[in-house]
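Asker: Just dropping this structure here.
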Amino acid sequence: MQEVKQVKGGVTVLDRSDVDTDQIIPKQFLKRVERTGFGEFLFYDWRKEPDFELPVNPILVTGRNFGCGSSREHAPWALHDYGFSAIIAPSFADIFYNNCSKNGMVLVALPEEQVHEIGAAGEAEIDLEAKVVRAGGKEYPFEIEEDIRHRLLNGLDDISITLQEEQAIAEYEAERERNGPVTTAL
């Protein structure tokens, strides 16, 4: 996972609330296990609507309860593969929020009025170190769990966090009693 200090650039507005993961990436596209190649199927059914536009920008601004529904990790993969690095909304579904943060995406929850102001600005900067969104000449402070912030700032996924304890794991494995065949030797 890459380090994320800030996300800066254009803003795409999806003015819809309660967007579920089935709408983000429909079930018929979940046959792969790679993290790439899902972007072309993002909001697949909605993109067939004649007035639906989804410009590629680093920041998506959307309505409350974004990412509700099933816990599919394909939803963050599709959003990221399409080109979004951050999402700003009044609220997010818990599992979706965690899936995004574990895949290197920044999610910012702000009051609905501020979300609309950022969307109207057209461009924004999310400064993860300062915990502030800058848009339209204003600053919008936000809260983020320190553990998630640390992971994003340092580019740490679950595997890299575990590997930080590689020495302790090796010591434990070397010292523990083994009954039966050795399965750790190569």
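Asker: Heavy atoms only, probe 1.4 Å: what % of the accessible area of the chain goes to carbon and sulfur, would you let me know?
Answerer: Carbon with sulfur: 47 percent of the solvent-accessible area.
Asker: Where in segment 74-94 does the amide nitrogen come within less than 16 Å of the point 7 Å from the Cα of residue 27, taken along Cα to Cβ?
Answerer: 74-75
Asker: Starting from segment 1-100, pick out the GluC sites (Glu not before Pro) whose DSSP state is loop and whose Cβ has at most 12 other Cβ atoms within 10 Å.
Answerer: Within segment 1-100, the qualifying GluC sites (Glu not before Pro) (loop, at most 12 other Cβ atoms within 10 Å) are 3, 34, 53.
Asker: Tell me the accessible surface of residue 80 in square angstrom (1.4 angstrom probe, heavy atoms of protein chains only), to the nearest ten.
Answerer: Its accessible surface works out to 90 Å², give or take rounding.
Asker: Separation of segment 105-145 and segment 72-104 by C-alpha centroid, Å?
Answerer: Their Cα centres are 16 Å away from one another.
Asker: Under the rule of at least 5 residues apart or a separate chain, name every residue whose amide H is placed under 5 Å from the amide H of residue 92.
Answerer: 65, 66
Asker: Hey, another quick one. Roughly how big is the chain's charge dipole about its Cα centre, with Cβ charges of +1 (Lys, Arg) and -1 (Asp, Glu), in debye to the nearest 20?
Answerer: The dipole magnitude comes to about 440 debye.
Asker: Tell me what the chain gives for mean residue ellipticity at 222 nm when only DSSP H runs of n ≥ 4 count, each as -39,500 (n - 2.57), the sum divided by the residue total, rounded to 500 deg cm²/dmol. Spell out each step's value before the answer.
Answerer: On the way: 7 runs with 57 residues, N = 186.
The helix-only estimate for the chain comes to -8500 deg cm²/dmol at 222 nm.
Asker: Right, something else. Sticking with the crude label model, points 7 Å out along Cα→Cβ, report the distance from residue 139 to residue 165 in nm, one decimal please.
Answerer: Between residue 139 and residue 165, the label points sit 3.7 nm apart.
Asker: Relative to the present Cα-Cα distance, how much length would full extension add between residue 157 and residue 1 at 0.36 nm per residue of separation?
Answerer: Values: separation 156, 0.36 × 156 = 56.16 nm, distance 0.63 nm.
That pair, residue 157 and residue 1, stretches by 55.5 nm at full extension.
Asker: Does segment 137-186 come out rounded, prolate or oblate by the C-alpha gyration tensor, with a ≥ b ≥ c the root eigenvalues, rounded set by a/c under 1.5 and, if not, prolate when a/b is larger than b/c and oblate if not?
Answerer: Prolate, since a/c reaches 1.5 and a/b exceeds b/c.
Asker: For residue 71, put the label point 7 Å out on the Cα→Cβ axis and report which residues of segment 1-31 keep their amide N under 12 Å from it.
Answerer: none
Asker: Over 29 Å between Cα atoms, which of 27/102; 48/138; 27/138; 5/138; 102/131 qualify?
Answerer: 48/138; 27/138
Asker: Separate question: Could you tell me which of 56, 70, 142 has its Cα farthest along the dipole of the chain towards the positive end, charges placed at Cβ (Lys, Arg +1; Asp, Glu -1), taken about the Cα centre?
Answerer: The residue sitting most towards the positive pole is 56.
Asker: For segment 1-140, with every protein chain kept in place, what is the accessible area per residue (1.4 Å probe, Å²)?
Answerer: Heavy-atom accessible area per residue stands at 49 Å².
The values are calculated or read from the model by the stated rules, or taken from the named source; none is laboratory data. What you see is a predicted model, and the numbers here were worked out from it, not measured in a lab. Using ideal geometry, Cβ is built from the backbone for each residue, glycine included, and neighbour counts are taken over all protein chains shown. Remember, those area values only see protein heavy atoms, side chains included, never the ligands or the DNA or RNA. Shrake-Rupley method; radii C 1.70, N 1.55, O 1.52, S 1.80 Å.
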